[in-house]
Structure formats: structure tokens, C-alpha cells
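The values are calculated or read from the model by the stated rules, or taken from the named source; none is laboratory data. Values in this document were obtained by computation on a predicted structure and should not be read as measured data. Cβ placement follows ideal geometry from the backbone for every residue including glycine, while neighbour counts extend to all protein chains displayed. Note: accessible area is taken over every heavy atom of the protein model, side chains too, but ligands, DNA and RNA are not part of it. Shrake-Rupley method; radii C 1.70, N 1.55, O 1.52, S 1.80 Å.
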Amino acid sequence: MNTLNKIVISTLFLIAAPFANACEYPSKPAQMPDGKTATKEEMLVGVKHINAYQETMKAYLACIEADEALASQAAENEDEDAEKQRSQLFNKKYNAAVDEQTLVVEEFNLQIRAYKSRSN
């Protein structure tokens, strides 16, 4: 890699550094409706909150994927162990977010089932 490429990559890192933590982890919906007692309107509001949460999680996952791609490109000369650690950290971060999203959605689905069982 020539000196100009190194300068360009270093400059890009300096410019991108403030944005490296720009991937803001979405917070779970503040309150889930209780399917045993909620009204139809409360359940519909819950659906809107879950949909919004899923969209922000989708954006978060895309953001960390983009960050990982940039880090991977920028660190093309890193040793194998460093690359492996970076990759493992990304996978843990990504999988933890997906796992949490799955749990939140399943929790809401339980409330939907409870609501529907009341209606029957």
C-alpha cells in the first residue's frame, strides 16, 4: 500500500470516527399491552409500537453491518487473530440484537394470543 493510500485511509478513519458509534441501539417498547385486559385500541397501539421497534432494529442491524464492512475494508492488513476477534465481536453484537428482537416480538405475540382467547 503506498503512502497516499495510507493517508487517505487514515483521513477517512478520522472523519468517520465520530460516526462510528452512530448506530444507536433501539430501546424496547416502554409498555406492552396486557392481552388479558387490554382494549382493541390498546392492542392496535401495541402493534404500532412493535412495528416501529422492528423498523428501528432493522436500521440498527443495517448500521452495524455497514460499520463492520468499513472496519473490515480499513483493516485489510490486520493479522488473523485481530480479524477473528473483530468478526466474533460483530457476530455477538448482531446476534444479541436479533435475539432481543425475537424475545420482544414473542412477548407481544403472547399478549395477542391472550387477547384473542378472551374474544372467543
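Couple of notes before you dig in:
- Qualifying residues in the stretch 1-58 (those that are within 30 Å of residue 73 (Cα to Cα) and among the β-branched types (Val, Ile, Thr)) - the one modelled with the highest pLDDT: 56
- Filtering the stretch 76-106 to residues that are touching a residue at least 24 places away in the same chain (Cβ under 8 Å) and open to solvent by 90 Å² or more (accessible area, probe 1.4 Å) leaves 77, 93.
- Filter result for residue 68 (among the acidic types (Asp, Glu) and touching a Phe, Trp or Tyr at 6+ places or on another chain (Cβ under 6 Å)): yes
- Qualifying residues in the stretch 53-106 (those that are of a type in the set (Ser, Thr, Tyr) and more than 12 Å from the chain's Cα centre (by Cα)) - the one farthest from residue 27 (Cα to Cα): 72
- Qualifying residue in the stretch 64-75 (condition: assigned to a helix (DSSP H, G or I), among the polar types (S, T, N, Q) and open to solvent by less than 90 Å² (accessible area, probe 1.4 Å)): yes
- Filter pass, residue 108 being of a type in the set (Phe, Trp, Tyr) and within 24 Å of residue 47 (Cα to Cα): yes
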